[in-house]
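Remarks on the structure that follows.
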Amino acid sequence: MVSESSEVQVRPGIEADLTALTHLYNHYIRETAITFDTTVLTPEQRLPWLRHYREDGPHRLLVAQDRASKQLLGYATSSPFRPKAAYATSVEATVYCAPDAGGRGIGTLLYKALFEALADEDVHRAYAGITLPNEASVRLHERFDFVRVGTFREVGRKFGVYHDVGWYEKALGAGRG
């Protein structure tokens, strides 16, 4: 499955992307509260994360890559929502864009491709946790029909500050509605 534009290619993530993926994620660890990870990761530490994704099935990793420069512009995932078996038809959706790729529609391109890929899978709901405030992420998720279903107040502490996480839900597949 490949979704493309004239400048950007969206494709499944592969091990050759690991260093760039780790670098991108580490930016958010070091500079923001968007992720509650607090210690930067090495590619070796991130490898099991990458390897659990497949090109088919409910758990995917898609990357957006600049066609000309081959620079990784962002990635989106659909990951297990919770480990218990009854949650198998729910996924947690996440999107990260390179800091210099903001405002280019990369997140939209990635989510469009991700949800198209999941359309034929046995997935009933997608969930997204958004550290608040994050208006750009809220707008992106609402554009894809995510609805806010709740807020965990001061659930995470990073950089000495407590942060709320808004939880968003999207109906998928045959179970929409």
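No value in this document is a laboratory result; all are computed from the given coordinates. From a predicted model like this one, the values you see are computed outputs, not experimental measurements. Cβ: placed from backbone, ideal geometry, glycine included. Neighbour counts: every protein chain shown.
Could you order the peptides 29-37, 56-64 from most to least packed, using the average number of other C-beta atoms within 10 Å per residue? Please report the intermediate quantities before stating the final value.
Values: 29-37: 14.8, 56-64: 20.7.
Result, highest mean first: 56-64, 29-37.
Restricting attention to the stretch 42-119, which GluC sites (Glu not before Pro) occupy a DSSP loop and are surrounded by at most 14 other Cβ atoms within 10 Å?
In loop regions of the stretch 42-119 (DSSP not H, G, I, E or B), the sparsely surrounded GluC sites (Glu not before Pro) are 55.
What dipole magnitude, in Debye to the nearest 20, does the chain give about its Cα centre under +1 on Lys/Arg Cβ and -1 on Asp/Glu Cβ? Don't jump to the answer; show the numbers that get you there.
Values: 21 positive and 22 negative charges, 67 e Å.
Charge dipole, the chain, about its Cα centre: 320 debye, nearest 20.
How would 87, 75, 162, 111 line up from fewest to most surrounding beta-carbon atoms within 10 angstrom?
Numbers: 87 15, 75 27, 162 11, 111 24.
Going from sparsest to densest Cβ surroundings: 162, 87, 111, 75.
Over the C-alpha atoms of the chain, what are the Rg and the largest Cα-to-Cα span, Dmax, in Å?
For the chain, the Cα-based Rg and Dmax read 15.6, 44 Å.
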